[in-house]
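One structure is given here, and the rest of the page talks about it.
The values are calculated or read from the model by the stated rules, or taken from the named source; none is laboratory data. Only a predicted model underlies this, so the values are computations on that prediction, with no experimental measurement involved. Cβ atoms come from the backbone with ideal geometry, glycine included; neighbour counts cover every protein chain shown.
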Amino acid sequence: MANKSMQIFCDMMASDIQPDATVMVKILGACSELGVLQLTSCLHSYVIRGGFISNSFIGASVIDCYAKCGSLDEAIKVFERSTDKDVVIWSSMFAGYGIHGQARESIKLFHRMVTDSTVCPNKVTFLSILAACSHAGFVEEGIEFFNIMLNEYQLMPESKHYAIIVDLLARIGELDKAMCLINQMQSRVGVHVWG
């Protein structure tokens, strides 16, 4: 599907049809699925030339694309150059660090966001942080962020959040606690929780 999307995009460009922001987000998503760094770089250049870089969803997609194509350094550069960092941009960078197993950097960036900006984390932010903790095996930190999500930000977790917490509890052999959590939340959780 990603190859087909890229072909349609190339056909659009050859026909002098200019893509809009929605098309750019979709094509960057297709590019991240393909994992071709050179293509990401070309699309990033097009985003800049086309004046799309100020769109936070496109900026976040560029960050995500670089991270998924193996260039965390380029993802960081795009993030740092973003002039209007909203929750979408921040969350994308947290996820990028997580993809590369750099949960500590993701956690440090979270603290930077809450202390140096006016951006308030949302459920996607916490999902990105929890995933980073899970990939790195940071059990205590993951549980701490889950509690911060609940207690400090009063955000109700969704099944994906619970799935990560169940995974973290299982990693430390707390299967009884994991099952208890699943049973308590049975009406609100989906199949993600059962891993």
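So, in the stretch 111-153, exactly how many residues are of a type in the set (S, T, N, Q) and buried (at least 18 other Cβ atoms within 10 Å of the Cβ)?
Number of matching residues: 3.
Taking the condition of being assigned to a helix (DSSP H, G or I) and without any contact (Cβ under 8 Å) to a residue 12 or more places away in the chain, how many residues in the stretch 149-169 meet it?
Residues flagged as assigned to a helix (DSSP H, G or I) and without any contact (Cβ under 8 Å) to a residue 12 or more places away in the chain within the stretch 149-169 amount to 2.
Does GLU74 count as under 24 Å from PHE52 (Cα atoms) and either in contact with a helix residue (DSSP H, G or I) (Cβ under 9 Å, 6 or more places away or on another chain) or outside the structural domain of VAL25 (by TED's automatic domain parsing) (or both)?
yes
Here is a yes/no grid of residues against (1) over 26 Å from GLY101 (Cβ atoms); (2) more than 18 Å from the chain's Cα centre (by Cα):
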residue	(1), (2)
LYS26	yes, no
SER32	no, no
GLY35	no, no
SER45	yes, yes
ILE63	no, no
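Condition first: over 17 Å from SER54 (Cα atoms) and among the aliphatic types (A, V, I, L, M). Now tell me which residues in the stretch 8-22 satisfy that.
Result: ILE8, MET12, MET13, ALA14, ILE17.
Within the stretch 170-181, count every residue that is surrounded by 14 or more Cβ atoms within 10 Å (Cβ to Cβ) and either in contact with a helix residue (DSSP H, G or I) (Cβ under 6 Å, 6 or more places away or on another chain) or part of a helix (DSSP H, G or I) (or both).
5
Can you tell me how many residues within the stretch 153-191 are touching a Phe, Trp or Tyr at 6+ places or on another chain (Cβ under 9 Å), more than 19 Å from VAL124 (Cβ to Cβ) and at pLDDT below 75?
The total comes to 1.
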